[in-house]
Protein chains: 4
Amino acid sequence: MTVEPGPPLRIDLNADLGEGFGVWDLGDDAGLLEVVTSANVACGFHAGDPAIMRRVCGSAVERRVAIGAQVGYRDLAGFGRRAIDIVPAELTDEVIYQIGALDGFARVAGDRVRYVKPHGALYHAAVASPGSAGAIVEAVRRYDPALPVVTLAGGELARLALEAGLAVVPEAFGDRAYTADGRLLSRRVPGAVLHDPREIAARVVRMVTAGTVSAVDGTTVPVTVESVCVHGDTPGALAIARAVRAALEAASVALAAFAAGP
Amino acid sequence: MTVEPGPPLRIDLNADLGEGFGVWDLGDDAGLLEVVTSANVACGFHAGDPAIMRRVCGSAVERRVAIGAQVGYRDLAGFGRRAIDIVPAELTDEVIYQIGALDGFARVAGDRVRYVKPHGALYHAAVASPGSAGAIVEAVRRYDPALPVVTLAGGELARLALEAGLAVVPEAFGDRAYTADGRLLSRRVPGAVLHDPREIAARVVRMVTAGTVSAVDGTTVPVTVESVCVHGDTPGALAIARAVRAALEAASVALAAFAAGP
Amino acid sequence: MTVEPGPPLRIDLNADLGEGFGVWDLGDDAGLLEVVTSANVACGFHAGDPAIMRRVCGSAVERRVAIGAQVGYRDLAGFGRRAIDIVPAELTDEVIYQIGALDGFARVAGDRVRYVKPHGALYHAAVASPGSAGAIVEAVRRYDPALPVVTLAGGELARLALEAGLAVVPEAFGDRAYTADGRLLSRRVPGAVLHDPREIAARVVRMVTAGTVSAVDGTTVPVTVESVCVHGDTPGALAIARAVRAALEAASVALAAFAAGP
Amino acid sequence: MTVEPGPPLRIDLNADLGEGFGVWDLGDDAGLLEVVTSANVACGFHAGDPAIMRRVCGSAVERRVAIGAQVGYRDLAGFGRRAIDIVPAELTDEVIYQIGALDGFARVAGDRVRYVKPHGALYHAAVASPGSAGAIVEAVRRYDPALPVVTLAGGELARLALEAGLAVVPEAFGDRAYTADGRLLSRRVPGAVLHDPREIAARVVRMVTAGTVSAVDGTTVPVTVESVCVHGDTPGALAIARAVRAALEAASVALAAFAAGP
């Protein structure tokens, strides 16, 4: 594939941050803040507490990393990974609550919440279920219709957010295998999660520069991506995140948050 | 006493609202919203949940009642009535979190949080302890230094808030006995809480029009009051709140929130 | 139908108790304890707290009412009415935790937990889903295989409990309409919930003495019942519970807990 | 000092275990279970969840380690390190709840709770405050008066437990400096916490074999000790715990739980 000379390519890197709670730590917030351009900050429902939120927001602003609300189910015991059959109107309220709480710390740090991304089981519900997706869309629309949502391209949240006039930031995963129809291969299938930093970095560069990924059956699949999700909850994950950033920089891709600063 | 002709007297009536949680109700929010001019809305730490907060904020805006953040300790099991020995910096974070969460619903309803009032054990700690008072002042100052705090005149919160340049709204209680030095008589002392609506209403009118109250020893004591706190968690309490409002109106006192609307 | 002279009929009446939390009350525990023979006591996950559990267990033992563990999802905010997609092994642990906690108070009161009944969304999941039912069965089997489970006849919990050698106590509802195939009519269908105390009491007497109920299409349907569930969370509900008890006594049905005392 | 020939010396080693919550880990439970003879298992109020409790109880029984209830304030956000001003009667209920919940898992694992030890701020409150100490004593007395309590010698909990007829197991800390009057030096004083494994191990051996410790002023102070508390929440702490055990074994001190098995 030949890339025509054009505007320099640019991509956002996002990661989950602030996922500890009280005495318990999770992930390397400081390490990730040196890699990403957008921080999905947990808001206290599935992880995160006020002190952590204040610290992460402060550090993010110092490093010019955009703050996003990583909203989840009210489920500290299950880290938001258990689907909860909550009625959509109440889910809307719970999402507004979380965005507002984080926005308080973002404002105190001199910035504000710039996007919304659901977490865990709510992420999956928002991709698959119109009820869950619609509840999140309604929360964002009411809170601030200028806030983009980060989600998988082609899912219910992307569809309903666009219908409601919200901006949608499609994200991709360098460490996940894709099916021939462009979906993520289920984590339960062997080989669904990649571990080699160089391979992952190369996949991300290809996604961003060529807009394609090699699916599990070897076919080339188009990928719509404006943000790449990286992880940092293990030493290996942080090394991968760093490798992804370095490879993008080596490929002359500009790293920049999709959401404009204040 | 002769009241000189002057600007018409005006007072704020505040009450705690939105103190249910999930399936559990507490108090008569609808009834109180017809009486008060300022609503202290629980923010989810000692009471209140996102659905309740959204409903109360919506109703308050409809009735032009000012929304205040009723911040408390993280203590659903104890309704915020148990003092918790939290370090001040963490208390500051917990207060910011609560203000921000409520502000989300206030904004969605078309208004915003207009003041802060601590609840329960935090109310008492803020009056008595510089550490607790300072933590609340710091939260308000960082979140929005234009927000007034509602508290007892003469306490630590009033003192430190004024020092920090915050507006302080001194409040009084029509249903509580006062000591000769102008403090509230402890609830543990017989006679500390009054129950007769007419007596309470008359005391409030005197506080507002004459700036005095009759102490337990019969002496006349000055009272500084810009807001009167009423309760609504029992049928009797709501009747008292209504009697207070009616008596103030009969005395030509204007009822108006101290905090300007949007 | 002719009832052959035989052993006197006997039935258990169960109700949900101890469903407040902290400052919040729900239902009339004292009133219900004069009506029922078995108390489904909430264990702190969807409702109930240690002080309430201690009080209800003490009162139940005084009145010779059997104590059962009303186990639910960890969901105070949703009162256990939201289905939570928790993996069965973790659900087993959560059920064991709740039984153990309640058993502490039952022992302190001089008795012990005598049966287990799931609550809310977990009740429905246990009837419909082998995974949820199996998790509860496993918890009871490990904790004490002599404990019966109370559930709808014909559901997954009844089936798997019997397979595991547990005793199953089939329960029926006097205030719910039944379909022609013996299932409960969904609450969403008009007429699904009955409100007339006399009608409800008559239905219960017929269920117990004749083993049948009149379905919504007018057909007569067999009902397997060893315990009748009554409610007490509204004044009307308590009146119905009392009417049911009075009608059963008038029909010479003995009211007795299915679970033997200590 | 000359040690008279007598019965072989024996000591218990206890440590806090099961202090994670949900996705969050804390400490090295597996490592500690190879060192200690008694496991203080968190019961879900300040740390610990049902799955963790089940796992730790199972492992403890496999290794013949005694299970104790590490009871704390209801304070996940503060890890039980914040003193909470709860009325004693409610604290009694909260302690009973926690013991009962853990006892469920101990029984499922084939053993039962064999002792009670308060955690964090409750530990300190129980040493210093008759109200807190009495509440814990009352809980243990009602739940099972045969259960010993582990606490500092000379504190309120030790005093009131003995008065109530409970067994008291006095514990000592090898890694803490002692004052000349036999109390722990406040953590806020430099030098209050020791870090050298060999020094700590030697101090513990001296405490156990000679019944004395060298205080900060150099004087020799008597120490009453039937259990030594070790920590395992950092790699260094686990190394210290192992050094303590090795040194005791080298000194021919038998390591054995104070609480008899089933």
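The values are calculated or read from the model by the stated rules, or taken from the named source; none is laboratory data. Just so you know, these numbers come straight off a predicted model, no measurement behind them. All Cβ positions, even for glycine, are placed from backbone atoms using ideal geometry, and neighbour counts span all protein chains on display. Just the protein is used for accessible areas: all its heavy atoms, side chains included, with ligands, DNA and RNA removed. Shrake-Rupley method; radii C 1.70, N 1.55, O 1.52, S 1.80 Å.
Considering C:Val108, C:Val87, C:Val116, the condition of being of a type in the set (Val, Ile, Thr) and within 18 Å of A:Leu76 (Cα to Cα) is satisfied by C:Val87 alone. Counting only residues that are on the phi > 0 side of the Ramachandran plot and part of a helix (DSSP H, G or I), the stretch B:193-211 holds 0 of them. Might you check whether a residue that is at pLDDT 95 or above, surrounded by fewer than 24 Cβ atoms within 10 Å (Cβ to Cβ) and within 14 Å of chain D (Cβ to nearest Cβ) occurs anywhere in the stretch C:79-88? Scanning the stretch C:79-88 turns up at least one residue that is at pLDDT 95 or above, surrounded by fewer than 24 Cβ atoms within 10 Å (Cβ to Cβ) and within 14 Å of chain D (Cβ to nearest Cβ).
Would you check if C:Leu194 is modelled with pLDDT under 95 and touching a helix residue (DSSP H, G or I) at 6+ places or on another chain (Cβ under 8 Å)? Yes, satisfied.
The residues in the stretch C:162-184 that are under 16 Å from C:Tyr123 (Cβ atoms) and touching a Ser or Thr at 6+ places or on another chain (Cβ under 6 Å) can be counted, and the count is 3. Residue count for the stretch D:18-56 satisfying the condition of being closer than 27 Å to A:Asp233 by Cα, more than 11 Å from every other protein chain (Cβ to nearest Cβ) and charged (D, E, K, R): 2. Scanning the stretch C:98-123 for residues that are in contact with a Gly (Cβ under 6 Å, 6 or more places away or on another chain), surrounded by fewer than 24 Cβ atoms within 10 Å (Cβ to Cβ) and at the interface with chain D (Cβ under 10 Å from one of its Cβ atoms) yields one hit, C:Ala109.
Scanning the stretch D:130-159 for residues being away from chain C (no Cβ under 14 Å) and more than 18 Å from the chain's Cα centre (by Cα) gives a total of 3. Condition test on C:Ala257, is it assigned to a loop (DSSP other than H, G, I, E, B), touching a residue at least 24 places away in the same chain (Cβ under 8 Å), touching a strand residue (DSSP E or B) at 6+ places or on another chain (Cβ under 7 Å) and farther than 14 Å from C:Leu13 by Cα? No. Can you tell me which residue is nearest to D:Arg183 (Cα to Cα) among those in the stretch D:223-238 that are open to solvent by 30 Å² or more (accessible area, probe 1.4 Å) and at pLDDT below 95? Here the answer is D:Thr224. Would you be able to say whether some residue in the stretch D:169-185 is among the polar types (S, T, N, Q) and modelled with pLDDT under 95? Looking through the stretch D:169-185, at least one residue is among the polar types (S, T, N, Q) and modelled with pLDDT under 95. Count of the stretch D:206-222 residues, restricted to those that are surrounded by fewer than 21 Cβ atoms within 10 Å (Cβ to Cβ) and touching a Gly at 6+ places or on another chain (Cβ under 9 Å), is 4. The single condition among (1) modelled with pLDDT of 95 or more; (2) farther than 30 Å from D:Gly80 by Cβ that B:Val23 does not satisfy is (2). Of all residues in the stretch B:59-68, those satisfying the criterion of being within 19 Å of the chain's Cα centre (by Cα) and free of Cβ contacts under 8 Å to residues at least 60 places away in the same chain are B:Ser59, B:Ala60, B:Val61, B:Arg63, B:Ile67. Across the stretch C:57-71, the qualifying residues are those that are open to solvent by less than 10 Å² (accessible area, probe 1.4 Å) and part of a helix (DSSP H, G or I), and the one among them that is nearest to the other protein chains (Cβ to nearest Cβ) is C:Cys57. Kindly establish whether A:Arg159 is of a type outside the set (Asp, Glu) and closer than 20 Å to A:His124 by Cα. Taking the combined requirement at face value, the residue satisfies it. For the stretch B:65-73, the count of residues that are hydroxyl-bearing (Ser, Thr, Tyr) and within 19 Å of A:Thr92 (Cα to Cα) is zero. Does C:Val140 count as in contact with a helix residue (DSSP H, G or I) (Cβ under 9 Å, 6 or more places away or on another chain) and under 12 Å from C:Ala161 (Cα atoms)? So C:Val140 fits the description; yes. Do the conditions hold for C:Arg188, that is, is it out of contact with any Gly (no Cβ under 6 Å at 6 or more places or on another chain), open to solvent by 10 Å² or more (accessible area, probe 1.4 Å) and in a loop (DSSP other than H, G, I, E, B)? Spelling it out, C:Arg188 is indeed out of contact with any Gly (no Cβ under 6 Å at 6 or more places or on another chain), open to solvent by 10 Å² or more (accessible area, probe 1.4 Å) and in a loop (DSSP other than H, G, I, E, B). The single condition among (1) under 29 Å from A:Ile52 (Cβ atoms); (2) under 18 Å from the mean Cα position of the chain (by Cα); (3) open to solvent by less than 30 Å² (accessible area, probe 1.4 Å) that D:Glu94 does not meet is (2). Criterion first (outside any loop (DSSP other than H, G, I, E, B) and surrounded by fewer than 16 Cβ atoms within 10 Å (Cβ to Cβ)) does A:Ala246 satisfy it? Taking the combined requirement at face value, the residue satisfies it.
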